[in-house]
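Structure, as structure tokens:
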Amino acid sequence: MIPSPLRTLLVTLTLLFPCALCSPKSSPDKKPSSNQYLRSTSVVAAAITVTVSDNDEQHDPIVSLSPPIARREENRVVYAGIAPPQWDPTLPRQSANSTNPLLNPPNPIPDPYGWIRDDTRTNPEILHHLTAENEYTQNYTSHLKGLRDTLYEELVSSLVETDYSMPRPKGEWMYYKRTFEGRSYGSYCRAPRSTDTEEVNDWDGSKDSPILPGEEVYLDVNELAVNRTYCSVGTVSMSPSRELVAYTVDYSGNEVYELHIRNFTSGEDVVLKKTATGGGRGGDDNDDLLELDDFVWGKDDTTLYYTTMDDAHRSYRLYKRENWKSEVNNNDSVVDTLLKEEDDALFSSGIGKSLDERYIFYVAESEETSEVWYIDLLSTSTTIAADGDDEENDSSHDDEEEEMKCVSLRRNNVQYDVESHGDSWYIITNVNNSENRKLMVSPAKSHSEDDWELVLDGDGNPLFDGSPLDKKSLNSINAFETHAVLEGREDGIPRVWMYSFETKELTRLEFEDAAYDVGLSANHEVDTDKIAISYSSMLTPPSTIEVSLEDYSQRRVLKTNAVPGYDKDLYGTNRLHVLSRDGNTQIPISVVYRKDTMEKVEAGQPVPIHLYGYGSYGSSIEADFGSSRLPLLNRGMIYVIAHVRGGGELGRSWYEEPNGAKLLCKENTFNDFVDVARFLVGNDWTTPELLSCEGRSAGGLLIGASINQDPELFRVAILGVPFVDVAVTMTDASIPLTTGEWIEWGNPNEEKYFQYMMDYSPMNNVQTGKKYPSCLITGGLHDPRVAYWEPTKFAATLRHANPDNENPVCMKVDMSSGHFSASDRYEHYRGLAYDYSFVLDQLGLGERHHSHGEFQIAVAK
């Protein structure tokens, strides 16, 4: 049957929003940023296209909104340099110890969409605009519902929905997590420990059957999430008596947590409140709740230590809370004591506990410098050590009256981490310009830096000297009774080394795969003769492996994550290197594919490729297993990870200046990614029409800068919560996390960094007259890391620069979550199915059906 002609009716509606709704609102206790300017009267316009099919069958009209047109304030600017008039003097323009001159006079940065920023997330005009963006994207992709549903089913079908993590011992109990089919969140469980409960032998795979005999569910996150649109549990920690469990939970996505304590016996759940002397952020909606970053238990069930954040979302204060149980009876005897406060805006703080539970460590660190304080819980002292210059008095260094002591006072550009073992500190540090980190040891005492010595093997050679000549880079150490387990990298691959305190022998664990991901699993006890590690590769699903400390060759797979329907023999993987444009740097790439797809490439037939990258903070993207890639692979796509500079795959030099991708060499990240894409096209693996790319957060910056550099190299791009307004954001210390990141990106208020940053900041480098790829850009309304206005402004900028570009720019804002999108695991997979359906559709694969990697074109009849 031949369809009759289509009639298209175009109706354009202009939605007017009164100017009164455009005024910014601020928290009553917080001054608005001086980069906010008066709003002008404007409109937000949307066009609705109704297509009516006039064939023999009855159809509903197909409705699709054209992109929302965000108003532009052409004279609106943000100033980089010295403080502009009316700038809040409490907000720094540069770090206190910076000697770089500020721009004077300040330089204006165009910010025509700056009105979209609203720190309160309540401005009606802005919320209307975000809703219009979501409606446009929803309608534009409405024809993909069937594909989305199919992808979602495929993603979920590759999971064992009712599953568990490997139980691990601690004291008299075995601890693990469970998930259940149909339930969005996990449950925390424990079971009595015995020789019969070290392994899972009798579980029948059902929801109702316990993993181990005597199983107790001590925290069911599904219960916490009832009637909540978002629920993310942070830290979960047993009290020293194991009779209480404390946990933190975030109900908005802004990564500010409540602290609850639950009694195992009674089931009573207490949420901690602020006190007159305690922490918490001012101006919150619920002023009574204690809002914090993290916590640890003290030496008994009555004491907690916790850290809180300032208005810029920087963890900066450490408190000790005593007699918290008095809150149950509304007793005034609850005591909060401020132990430490970090005044330097470049530094954030964190808290942790040693594996033997003797020490509490408080770490203050920037991207380049760190300082560790400790509390010895075996001491009964309650006195707080003096900090700052007062600590230079040697007579106080060994004063047993001090509760908090410093391992080593901060030294500029010196980073160190501390692990305790008996009466010793084991220290990982870059001191003396050891970029790959050296391993050192000293007595466990305060101000120990003069006693730090390299850890040597039995032959007197350093285990890790940190030099560039040593291909090993060191990341962490965990000290057990007889051995230390060290994690790091060598030849671009994650590594695990075993070190015997007795023989002083260092042994690297070896595996068959050429590239893989490996690291310590959950290990809760110091006195043990075996440890658990986690392992996976591009083709091997994750497994938990037990390794004997007495004989490293004695390994036992405790659990392998099942992937229903996955046949490893159908797939292949390669680790290749691409020469960068500088002619010297070899960029590693990890490739995974179906073997029948690679046969097409080998026969000279280009295939669709999805290219993923990150490349910031020295963080590595590993060659690990991802069942979520299977829907793409099974549709004949190749998945490629570009291990670009800025990550840590090849050690610290892959990240640090002058040859890495940080500060004034950041553009290496983007150049590497584009060079990999050009390699894939130039070697006939694919074509620009079949090439998609993806990055999230700082990886979104990577994608934004890459498509600006070569807009027509890619057919489609996914930018997840992208950090794309780099120059504007980094001028403004009122935006969360900004000041601490001046060491990562540079400070555009300073002459040294301004122009370099302006030359790559995606928002300021969108080309005109170019065919940009189809873009799906996502954001979270409550995101504290990359505020929702950055992706929103970038979407508007892309459309404005190229109004005739036929490729869509779709924006999707999650109005109930933050940086990490949905907390519900099923909603997470629905979001992933949404992204994949967009990619497949734009690559021309959306209406195709797959069978063993072959395509069948769906033909209308």
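The values are calculated or read from the model by the stated rules, or taken from the named source; none is laboratory data. Not measured: the values here are computed from a predicted model. FYI the Cβ positions are ideal-geometry reconstructions off the backbone, even for glycines, and counts take in every protein chain you see. Please note that ligands, DNA and RNA were not included when accessible areas were found on the heavy atoms of the full protein model with its side chains. Shrake-Rupley method; radii C 1.70, N 1.55, O 1.52, S 1.80 Å.
Potential lengthening of the chain between Asp202 and His143 amounts to 16.6 nm, from the contour at 0.36 nm per residue minus the alpha-carbon distance. Taking the Kirkwood radius as Rh and the Cα radius of gyration as Rg, segment 212-283 has a ratio of Rg/Rh equal to 1.00. Seen from Glu154, the other residues with C-beta closer than 13 Å to its C-beta sum to a net charge of +2, counting Lys and Arg as +1 and Asp and Glu as -1. With the simple model of a label 7 Å out from the Cα in the direction of the Cβ, Glu751 to Asp450 spans 4.1 nm.
Per residue, the accessible area of the chain comes to 42 Å² when a 1.4 Å probe rolls over the protein heavy atoms. Between the alpha-carbon centres of segment 600-630 and segment 707-733 there is a gap of 20 Å.
Taking amide hydrogens as placed 1.01 Å from N in the peptide plane, the amide H of Val77 sits under 5 Å from those of Asp111, each at least 5 positions away in sequence or on another chain. Across the accessible surface of the chain, with the other protein chains kept in place and a 1.4 Å probe, carbon and sulfur atoms take up 47 percent.
I need the calculated FRET efficiency for the pair Val335 and Thr528, taking r as the beta carbon distance and R₀ as 35 Å, to the nearest 0.05. In this case the efficiency is close to 0.40.
With a Förster radius of 60 Å applied to the beta-carbon distance between Asn263 and His128, the computed FRET efficiency rounds to 0.85. Computed from the Kirkwood radius of its Cα pairs, the Stokes-Einstein diffusion coefficient for the chain at 4 °C and 1.567 mPa s stands at 44 µm²/s.
Rounded to the nearest 0.05, the FRET efficiency derived from the C-beta distance between Thr150 and Leu576 at R0 = 35 Å is 0.65.
Distance between the pseudo-spin-label points of Thr687 and Asp300 (7 Å out from Cα toward the beta carbon): 7.6 nm.
Backbone geometry of segment 790-795 corresponds, through the Karplus equation with coefficients 6.51, -1.76 and 1.60 at θ = phi - 60°, to 3J(HN,Hα) couplings of 5, x, 5, 5, 5, 4 Hz, x marking Gly and Pro. Once you reduce segment 758-807 and segment 70-128 to the center of their Cα atoms, the two points are 19 Å from each other. Exceeding 21 Å between C-alpha atoms, which entries from my cross-link table qualify? They are Lys177/Lys320; Lys177/Lys207; Lys405/Lys472; Lys438/Lys471. Over 21 Å Cα-Cα: Lys177/Lys320; Lys405/Lys472. A straight chain from Asn584 to Arg556 at 0.36 nm per residue would run longer than the Cα-Cα distance by 5.8 nm. Full extension of the segment from Glu243 to Thr507, taken as 0.36 nm per residue of separation minus the current Cα-Cα distance, would add 91.1 nm.
Per the Kirkwood formula applied to alpha carbons, segment 149-242 shows a radius of gyration over Rh ratio, Rg over Rh, of 1.01. In the complete set of protein chains, residue-level accessible area for Leu843 is approximately 10 Å², probe 1.4 angstrom.
His128 contributes an accessible area of around 90 Å² to the protein surface, as traced by a 1.4 Å probe with all chains present. Would you mind pulling out the separation of the Cα centroids of segment 653-690 and segment 160-205, in Å? Cα centres, segment 653-690 to segment 160-205: 43 Å.
Remark: spin-label model distance Val270-Glu599 equals 6.7 nm, labels positioned 7 Å along the Cα→Cβ axis. What lysines does Lys812 reach when the alpha-carbon gap must be under 27 Å and sequence neighbours fewer than 8 apart in one chain are set aside? Result set, ordered by chain and number: Lys25, Lys145, Lys770, Lys771, Lys793.
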